[in-house]
Amino acid sequence: MNIDYSICNALNYHSSGIDSSLIIYDVGCQWSINFLQRVAESQSLSIPENMQIIPVVGKFHLSTHKLACFARYSLNFVQGAGHVDGEILETLWAPFNKIFPTAQSMSHAH
């Protein structure tokens, strides 16, 4: 429900004149299945009228999904979609490896 609330608020924020929205979400293949039904049944959720929702899974996460997800939810096949440089946390993993020893032994005793 939290992601539905966040997506609906984002879609309604200054969206006049926007007719389609690309939602890139790690589990977009599962989340999107009943999204419009959940919105329709909710009193507090709404999306702009006639807005097309295009759910996709980012390339970093798509490789761990079923093969059937690739053709349907890959950004490679969405006409007009650009390339995305991943999510900020994943791009920082390599630099975090240098500082992880500082947090490695943290426990209640420390």
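Just so it is clear, none of the values below were taken in a lab; they were calculated from the coordinates. Note that this is a predicted model, so its numbers are computed, not measured. Every residue, glycine among them, receives a Cβ derived from its backbone with ideal geometry; neighbour counts consider all protein chains shown.
Treating the angle as unsigned and between 0 and 90°, give the value, to the nearest 10°, between the Cα long axis of helix 2-12 and the longest Cα principal axis of the chain. Helix 2-12 sits at roughly 50 degrees to that axis.
Note on P(r) over Cα pairs in 10 Å bins from 0, in percent: of the candidates [x] 14, 47, 34, 5; [y] 12, 34, 29, 16, 9, 1; [z] 14, 47, 26, 10, 2, the value calculated from this structure sits at [y]. Test of understanding: in a Gaussian network model of the chain with alpha carbons linked when under 10 Å, which of ILE47, ILE33, ILE23 would top the mean-square fluctuation ranking? Result for the chain, Cα springs under 10 Å: ILE33 fluctuates most. Only helical runs count toward this figure. For the chain, summing -39,500 (n - 2.57) over DSSP H runs of n ≥ 4 and dividing by all residues gives -10000 deg cm²/dmol at 222 nm. Loop-resident trypsin sites (Lys or Arg not before Pro) (DSSP state other than H, G, I, E or B) in region 11-78 with no more than 11 further Cβ atoms inside 10 Å of their Cβ: LYS66.
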